[in-house]
1. Taking the number of other C-beta atoms within 10 Å as the exposure measure, put Met129, Met111 in order starting with the fewest.
2. Rounded to the nearest 0.05, what FRET efficiency do Arg217 and Ser28 give with R0 = 41 Å and r taken as the Cβ-Cβ distance? Could you check?
3. Report, in deg cm²/dmol and to the nearest 500, the calculated mean residue ellipticity at 222 nm for the chain, where each DSSP H run with n ≥ 4 adds -39500 (n - 2.57) and the sum is divided by the residue count.
4. Where the centre of each part is set by its Cα atoms, how far does region 1-72 sit from region 181-230, in angstrom?
5. Once region 171-260 is represented by equal point scatterers at the alpha-carbon sites, with solvent omitted, what log10 I(q)/I(0) does the Debye formula produce at q = 0.13, 0.14, 0.16, 0.19 Å⁻¹?
6. What angle do you read, to the nearest 10 degrees and between 0 and 90, between the alpha-carbon axis of helix 196-215 and the longest principal axis of the chain?
7. How would you rank Met13, Met185, going from fewest to most other Cβ atoms within 10 Å of each one's own Cβ?
8. Restricting attention to region 7-77, which GluC sites (Glu not before Pro) occupy a DSSP loop and are surrounded by at most 14 other Cβ atoms within 10 Å?
Amino acid sequence: MNKKIGFIGCGKMAGAIIKGILSSCYKSEFEIKGSEVNCEIAELAQNKLGISVLSDNRALVIDSDVIFIATKPNYVGNVLEEIKDEITDEKLIVSIAAGVSTSKIEKIIGMHRVIRVMPNTPALVKEGMSGVCKGEFALDEDVDFVMRLLSGIGKCIQVDESQIDIVTAISGSGPAFFYKVIEDMARAGEKLGLEYEKSLQLAVQTAAGSAKMVENRGELSVQTLIDNVATKGGCTFVGINVMNEENSEGMFFDVIQKTAQKAHELGK
């Protein structure tokens, strides 16, 4: 029997996960539905995603084995209060709402299985990076199941919930930080006399290629990759020295630390 998966909220991130599942080799194993309380939004989501989208959250939960909570964080409490009486021990709750802890969810719905996921926007192009953690009553099999689902939109790792704010800072917020680096490099090229679009293309492809090199580095360290390009006395060596003098490592530590702190505050 196919497992029934319901998405409460069918926005961009939920849509990316749904499309990832539907395009994966596992699609025949699942029946996917969604819900949006606004009838017009429900109809738009149904046409866009090609799935049945209800306008009744409780009905969706009753008819689902796995329920994704994909609303904005400030709506999660109200949604859980609405559906809690329909949640049974056989159902798995998966939350992708930023800053909402599994303990907060369990406090409302009781001793049920909860998995928390921190995805990121590159999931929209199937290059997502997600962090997964389990609540007090979730099983290892639940984690395995969710990670298999997420394989359709990129990669994922399992972490303790105490580490989820770090995941939020590195991969959840990280795309914006990389966009900023790419934009800054492109603008530097423009200021030095190269057309912006050409400079941007250079920065984008170099970022993509460098990420692939790191991913396929084998037993080499990232520092070795740096040293292989930044030969002593060369132009790259000069650029790396500038980055060291400006303490780029310290800057990025501050970026990640402050972002993680903010994520922690939002979760309170």
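Readers should treat all values here as calculations from the given coordinates under stated rules, not as data from a laboratory. Since the model is a prediction, treat every value here as computed from it, not as a measurement. Cβ sites come from the backbone with ideal geometry, for glycine too, and all protein chains shown count toward neighbours.
1. Working: Met129 21, Met111 10.
Ascending Cβ contact count within 10 Å gives the list Met111, Met129.
2. Numbers: r = 36 Å, r/R0 = 0.88.
Using R0 = 41 Å, I get an efficiency of 0.70.
3. Numbers: 12 runs with 135 residues, N = 268.
After summing the helix terms and dividing by residue count, I get -15500 deg cm²/dmol.
4. 38
5. The Cα Debye sum returns log10 ratios of -0.54, -0.64, -0.85, -1.20.
6. 70
7. Going from sparsest to densest Cβ surroundings: Met185, Met13.
8. Numbers: sites: Glu29, Glu31, Glu36, Glu40, Glu43; in loops: Glu36.
Hits after loop and neighbour filter: nothing returned.
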